[in-house]
Amino acid sequence: EDQVTQSPEALRLQEGESSSLNCSYTVSGLRGLFWYRQDPGKGPEFLFTLYSAGEEKEKERLKATLTKKESFLHITAPKPEDSATYLCAVTYRGSTLGRLYFGRGTQLTVWP
Amino acid sequence: EAQVTQNPRYLITVTGKKLTVTCSQNMNHEYMSWYRQDPGLGLRQIYYSMNVEVTDKGDVPEGYKVSRKEKRNFPLILESPSPNQTSLYFCASSSATGEEKLFFGSGTQLSVL
């Protein structure tokens, strides 16, 4: 069973069409939730860390939010250069530091 | 420049021929880890290390070995590779303080024939 579930698997948006990606986690005792961006053929690149419900972080057209069960990555007025796979990962209070669980990712395509 | 360096970038080998993928970071990070990425399965943690001489298993450790003899290096060893280990491998590092932000290497595409 996946610890982290991301939806949708793939999302196609027209340039300027805002939307949200979802990341839900199954185990209680979240210590931290992370968002990464991955371009084809490259390693993931860090975007945000969220630690507590209600927390929000923003970077350019991206805004990440966290509730007790899930996180959303909101993309406002996306541009073609936002096309990438977005990965969510979590760590839990009960597990060893460094132990990280990734979701399968959402592949975002933004067309002009 | 802060970076995680993996080598080689591409590797084709045959079943049973021992290989090592190297990983080095220049940021004095305590944590280092190895992941494999397969289509439809996402990133899965193989092994991770909290510091020198301290390592632990991740989701898919079978068939892999690691060692952390120096803080900057964390090699991944496949003693007898099999075709099901064909995958894209990433090394990552992070500091024990601050945001727990992972820095990833560029990846190693391994094919085992």
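Only the coordinates and a few stated rules stand behind these numbers; no lab work does. Keep in mind it's a predicted model, so treat the numbers as computed, not measured. Note that each Cβ is placed from the backbone with ideal geometry, even for glycine, and that neighbours are counted across all protein chains shown.
Side notes on the structure shown:
- Note on B:Lys71 and A:Ser28: with the Förster distance fixed at 35 Å, the Cβ-Cβ geometry gives a FRET efficiency of about 0.55.
- Of all lysines in the structure, the ones whose alpha carbon falls short of 16 Å from that of B:Lys101, not counting any fewer than 8 places away in one chain, are A:Lys57, A:Lys59.
- Cα gyration tensor shape of chain A, rounded if a/c is under 1.5, else prolate or oblate by comparing a/b with b/c: prolate
- Placing a pseudo-label 7 Å from each Cα along the Cα-to-Cβ vector at A:Glu17 and B:Arg9 gives an inter-label distance of 3.5 nm.
- Note on A:Ala10 and A:Ser95: the extension gain reaches 27.6 nm, defined as 0.36 nm multiplied by sequence separation minus the Cα-Cα distance.
- Label-to-label distance, nm, for residues given as B:Lys18 and A:Thr67 (7 Å Cα→Cβ offset): 5.3 nm
- Footprinting exposure proxy ranking of B:Val60, B:Val54, fewest other C-beta atoms within 10 angstrom first, gives B:Val54, B:Val60.
- Modelled this way, with points 7 Å down the Cα-to-C-beta line, the labels at B:Ala96 and B:Leu41 are 3.2 nm from one another.
- The relative contact order of chain A comes to 37 percent, based on Cα pairs under 8 Å that sit 6 or more residues apart.
- Ranking of A:Trp111, B:Trp34 by count of other Cβ atoms within 10 Å, fewest first: A:Trp111, B:Trp34
- Counting beta carbons within 10 Å around each of A:Arg37, A:Arg104 and listing the fewest first gives the order A:Arg37, A:Arg104.
- Among the GluC sites (Glu not before Pro) found in the stretch B:1-71, those both in a DSSP coil and sparsely packed, with 13 or fewer other Cβ atoms within 10 Å of their Cβ, are B:Glu1, B:Glu53, B:Glu62, B:Glu70.
- Among B:Phe103, B:Phe90, B:Phe74: highest mean-square fluctuation, GNM of chain B, C-alpha pairs under 10 Å: B:Phe103
- Efficiency of FRET from Cβ geometry, B:Asn28 and B:Asn84, R₀ 45 Å, rounded to 0.05: 0.80
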